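The values are calculated or read from the model by the stated rules, or taken from the named source; none is laboratory data. All values reported here derive from a predicted model rather than from experimental measurement. Cβ: placed from backbone, ideal geometry, glycine included. Neighbour counts: every protein chain shown. Surface accessibility is based on the protein's heavy atoms, side chains included, excluding ligands, DNA and RNA. Shrake-Rupley method; radii C 1.70, N 1.55, O 1.52, S 1.80 Å.
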Number of protein chains: 2
Amino acid sequence: MFKDNDFIYIDYVAKIKDTGEVIDTTIEEEAKKANVYNTEQKYKPLLVILGEHRVIPGLEEALYNLNENEEKEFEIQPEKAYGNRDPSKVKIVSLSELKRQGINPRPNMIVRVEGGGYATIRSVTGGRVVLDLNHPYAGRTLMYKVKVVKVLKEPKEKVDALIERWFKENKLNTEILQDSKNVKITIPKDYFLVDGIEIVKYNLARDILTYVLPGFTLTYTEVFNEDTFKR
Amino acid sequence: MFKDNDFIYIDYVAKIKDTGEVIDTTIEEEAKKANVYNTEQKYKPLLVILGEHRVIPGLEEALYNLNENEEKEFEIQPEKAYGNRDPSKVKIVSLSELKRQGINPRPNMIVRVEGGGYATIRSVTGGRVVLDLNHPYAGRTLMYKVKVVKVLKEPKEKVDALIERWFKENKLNTEILQDSKNVKITIPKDYFLVDGIEIVKYNLARDILTYVLPGFTLTYTEVFNEDTFKR
């Protein structure tokens, strides 16, 4: 049993219930077995902070009832996954219009349409194409097979997990001073000129102060000297 | 008499010697008098760090020989200003080509040409246009009337002047610890999400450690707490 603000790592395989199609997994072997392996993706357990709402509601709710090392398979209804289907989001457009946009539509293809985000091609009949602007998994009941592989207990572990989330690596030096309610993070010079680093630092500070050390003061320090400017 | 790394503020009026045309000034009244007043510009004395080479060589060299509150007028030859004219940078193009680029050329107009930066229109004769890609002030002898209005002595004043240069205002908290050779700068939360702030901080640190406090260690601190995230 978990509670709000618990930090857990999960491995999972998510499928469409009707078809058995694997739509997402954290496990490389499962991705290969299902022929959905993506070389761009890093297969590793996913950090979930309970109550953060970064995963679909049905998954998050189910996680509260698991325990460390427990594995479970459960069904998630569309309203707790990607929503129900909205029939008004299904539109008929002309084949020539799509071709003008550089799209040569075939059934089940997912395409990016002008001004409308992503759409699924449902059918192509003569000059008429049925476009579905619903989320590809809207209306689908999902099957999640989930295992809680790790539970983080110590504030230091949780801070490191958040650094990994935002920086994609951990080269920061972190010190947690429980007595004075301070957390001190040193940013190394490699990051001084990284474009967008201010947003990464802001997000990390927000997550640490919200989920790990509420009431604390977080201080970033960046140390420059003559060597900083040498190539 | 000044030396390298001295911080001075100057007021000046710069003219083309031949024509008397005012090309630049730090003094609002002079700009208005010469009909070159620009509402976008902030008229105020310019910070010059001797040896930094951010102003034209002839001006910087002359400044070394002035004293505080001294005012002097001197001539600067083209090679110590915007360089000599390069005749190969004068080109003849067709009027129709410029019109295709949306330019309706008239003599003395400064235009931005495709792939070539700025150019001055020298003449328009029939269908032929003479374009000059030299700097508008190349080959011109300049007259500078300069006054050293302020000389900074204390490291704190110099650091503040550099903060003003890079941040355009001074909301930072700065502490210089001479004994331990440390300078500590606190960045307030207003700047945490400013796009490009990492470059501003980098440039400020580089200038302080180069021109004011060589051999020191500079530390930026940014303090976050729950209030940081309130709107």
GluC sites (Glu not before Pro) in the range B:40-75 lying in a DSSP loop, each with at most 16 other Cβ atoms within 10 Å of its Cβ, come to B:40, B:52, B:68, B:70
Lys and Arg at +1, Asp and Glu at -1: neighbours of residue A:150 with Cβ under 15 Å from its Cβ sum to -3
Gyration tensor on Cα atoms of the protein assembly as shown, a ≥ b ≥ c root eigenvalues, a/c under 1.5 rounded, else prolate if a/b beats b/c, else oblate, says oblate
In debye to the nearest 20, the charge dipole size for the range B:87-132, taken about the Cα centre with +1 at each Lys and Arg Cβ and -1 at each Asp and Glu Cβ, equals 60 debye
Residue-normalised value, i.e. accessible area per residue, for the range B:38-88 at 1.4 Å probe, in Å², stands at 62 Å²
Ranking A:193, A:125, A:229 by how far each Cα lies towards the positive end of the charge dipole of chain A (+1 on Lys and Arg Cβ, -1 on Asp and Glu Cβ), the top one is A:125
Scoring only Lys, Arg, Asp and Glu (+1, +1, -1, -1) among other residues with Cβ under 11 Å from the Cβ of residue A:121 yields +1
Rounded to the nearest 10, the angle in degrees between the Cα long axis of helix B:155-167 and the longest principal axis of the Cα atoms of chain B comes to 50 degrees
Here the correct list, in nm and shortest first, of distances from residue A:65 to the same site in the other copies, label points 7 Å along Cα→Cβ, is 9.0
Note on the range B:91-231: alpha-carbon gyration tensor, axes a ≥ b ≥ c; rule is a/c under 1.5 for rounded, else prolate if a/b larger than b/c, else oblate; result prolate
Sorted by chain and then number, the residues having a modelled amide H within less than 5 Å of the amide H of residue A:139, at least 5 places away or on another chain, are A:82, A:83, A:84, A:85
Output field shielding_mean for B:76-87 (other chain Cβ, 10 Å radius) holds 0
Computed over chain A: longest principal axis from alpha-carbon atoms vs helix A:197-207 long axis, angle to nearest 10 degrees, is 80 degrees
Inter-copy distances for residue A:37, label 7 Å out on the Cα-Cβ vector, sorted ascending, nm, one decimal, are 7.4
Here, GluC sites (Glu not before Pro) of the range A:99-173 satisfying both criteria (DSSP loop; at most 13 other Cβ within 10 Å) are A:114, A:169
Row for the range A:87-132, column shape: gyration tensor on C-alpha, a ≥ b ≥ c, rounded if a/c < 1.5 i.e. under 1.5, prolate if a/b over b/c, else oblate; value rounded
Under a Gaussian network model of chain A whose springs join Cα atoms within less than 10 Å, the largest fluctuation of A:197, A:56, A:163 belongs to A:197
Total charge of the residues flanking residue A:60 in space, meaning their Cβ is under 13 Å from its Cβ, with Lys and Arg +1 and Asp and Glu -1, is -1
In the range B:45-117, taking the dipole from +1 charges on Lys and Arg beta carbons and -1 charges on Asp and Glu beta carbons about the Cα centre, the listed residue (B:111, B:98, B:55) farthest towards the positive end is B:98
GNM of chain B, Cα pairs under 10 angstrom: of B:190, B:24, B:207, the biggest fluctuation goes to B:190
Stretched fully, the stretch from residue A:180 through residue A:230 gains (0.36 nm per residue minus C-alpha distance, one decimal, in nm) 14.3 nm
The answer for chymotrypsin sites (Phe, Trp or Tyr not before Pro) in the range A:1-71 that fall in a DSSP coil and have at most 15 neighbouring Cβ atoms within 10 Å is A:37, A:43, A:64
With one decimal in nm and the nearest listed first, the spacings from residue B:221 to its own position in the other copies, using label points 7 Å along Cα-to-Cβ, are 0.8
Largest fluctuation, B:186, B:39, B:210 only, Gaussian network model of chain B with Cα springs under 10 angstrom, belongs to B:39
Dividing the helical contributions, -39500 (n - 2.57) per DSSP H run of n ≥ 4, by the residues of chain B yields a 222 nm value, nearest 500 deg cm²/dmol, of -5500 deg cm²/dmol
With +1 at each Lys and Arg Cβ and -1 at each Asp and Glu Cβ, the charge dipole magnitude of the protein assembly as shown around its Cα centre, to the nearest 20 debye, comes out at 1820 debye
If you rotate chain B onto chain A, the residue of B with its Cβ nearest that axis, and the gap in whole angstrom, comes out as B:221, 3
Inter-part gap, Cα centre of the range B:152-204 to Cα centre of the range A:145-188, in whole angstrom, is 29 Å
